[in-house]
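Heads up, the thing below is written out as structure tokens.
The values are calculated or read from the model by the stated rules, or taken from the named source; none is laboratory data. Note that the structure is predicted; figures quoted are calculated from it, not measured. Cβ placement follows ideal geometry from the backbone for every residue including glycine, while neighbour counts extend to all protein chains displayed. Accessible surface is based on the protein model in full, side chains and every heavy atom, while ligands, DNA and RNA are left aside. Shrake-Rupley method; radii C 1.70, N 1.55, O 1.52, S 1.80 Å.
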Amino acid sequence: MTTVSTVTHSSEPAVYWETEPHHHAEGGSTRLGFWIYLMSDCLMFAVLFAVFGVLGQSYAAGPGPKALFDLTLIAINTGFLLVSSITFGFAMLAMYEGRQARMQIWLAVTLLLGLAFLAVEIYEFHHLIELGAGPQRSAFLSAFFALVGTHGLHVLFGSIWLVTLMVQMNRKGLIPANTRRMECLSMFWHFLDVIWIGVFTFVYLLGMI
Amino acid sequence: MSQHSIKPHSHRGEQDEHGSTGHDNTRNDHGSYRSYFTGFVLAVILTVLPFAIVMTGGFESRVITALTVIVFAVAQVLVHMVYFLHMNSRSDEGWTLLSMIFTVIVVVIMISGSLWVMYNMNTNMMPQMEHENFQGFGS
């Protein structure tokens, strides 16, 4: 740390001023920065939820939620995402214990659950579009595909991130940079599960009442 | 002296302390197998109940069903925050919690404001259309 001495009066002792910002350990603020990214992502989802709230009743004489949604399928998907949350938690705990093989197994399980979620969602979207209930059918369906599709895209990119991190862990091991990346992905993954709570509640369950 | 009003202080002592332990003050809870299990069981309960209520037809009043489902969702979000995201007022010197409170306030304003304004738009701007145009179709 550089300090500049300033002699104010010849009779007083020298005073030292900090001229540079504090130096923290590398990556010390990454977690907070990533959290703030997640909060901004949360704002984006809030806008999509607001759009769905405004347009969710505008069926344009087309099919509504009760004619389209299958709650059993959504319950299965919710289960996939919820279980993937706890398996990612186990991967984090294995990482903190320094057991890399066990961590990789839990990450692989998490990845499979994420892919299963995506497969069911793609099946659902395909089924809706086959029925003629695609995003262009009504404002309700546009808002539905925008909101649920954005969440699905997040899960897709989270899965890609998970694969790259598994490869990096294999090559470089549990170095501090990889630990930090895992902490960020962990936040991302749990955050997606929180958003999904909003989706299944406000889109599917309230639509079916 | 007047142009330098900030007090000089040393940061060196703190830095040494951090360097020796290898940890910094942003260290957070990792949770444990027990806390993950607790969170998971709570989340499963809070998911299964609203699904069961809606899939069996819900209560007689739609409003009560909707409110119950929303209460379950809010409770589950809190469970996820505490047991999976390890939220507390200490992590990152409180900045995590503070930024989340700010986000929640903005989200509430944005969603409730949108619904309020658009509801008023729909009820106040469209009456002629609904009453005059559609009556002719016998609807």
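Structure above, values below:
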| read-out | value |
| --- | --- |
| Count of residues meeting criterion [in a loop (DSSP other than H, G, I, E, B) and surrounded by fewer than 17 Cβ atoms within 10 Å (Cβ to Cβ)] in segment B:42-76 | 5 |
| Complete set of residues in segment A:14-29 that are under 28 Å from the mean Cα position of the chain (by Cα) and facing chain B (nearest Cβ under 9 Å) | A:His24, A:Ala25, A:Gly28, A:Ser29 |
| Residue selected from segment A:136-148 under the condition open to solvent by 20 Å² or more (accessible area, probe 1.4 Å) and within 18 Å of A:Phe202 (Cα to Cα), by the criterion nearest to the chain's Cα centre (by Cα) | A:Ala146 |
| Segment A:121-138 residues that are closer than 13 Å to A:Tyr59 by Cα, paired with ones that are part of a loop (DSSP other than H, G, I, E, B) and open to solvent by 90 Å² or more (accessible area, probe 1.4 Å) (beta carbon under 9 Å, 6 or more apart) | A:Ser138/A:Ala61 |
| Those residues of segment A:41-50 which are more than 7 Å from every other protein chain (Cβ to nearest Cβ) and open to solvent by less than 60 Å² (accessible area, probe 1.4 Å), in sequence order | A:Asp41, A:Phe45, A:Leu48 |
| Selection status of A:Phe80, open to solvent by less than 40 Å² (accessible area, probe 1.4 Å) and at pLDDT 95 or above | no |
| Subset of segment A:98-118 that is open to solvent by 60 Å² or more (accessible area, probe 1.4 Å) and part of a helix (DSSP H, G or I) - its residue that is farthest from A:His190 (Cα to Cα) | A:Ala101 |
| Yes/no for A:Met187 being surrounded by fewer than 22 Cβ atoms within 10 Å (Cβ to Cβ), more than 14 Å from chain B (Cβ to nearest Cβ) and aliphatic (A, V, I, L, M) | no |
| Subset of segment A:10-53 (residues that are in a strand (DSSP E or B) and within 25 Å of B:Gly94 (Cβ to Cβ)) | A:Glu18 |
| Boolean, A:Thr87 is within 8 Å of another protein chain (Cβ to nearest Cβ) and surrounded by 19 or more Cβ atoms within 10 Å (Cβ to Cβ) | no |
| Residue in segment A:59-74 that is facing chain B (nearest Cβ under 9 Å), surrounded by fewer than 18 Cβ atoms within 10 Å (Cβ to Cβ) and not aromatic (Phe, Trp, Tyr) present | yes |
| Search result, residues across segment B:51-83 that are more than 8 Å from every other protein chain (Cβ to nearest Cβ) and basic (Lys, Arg) | none |
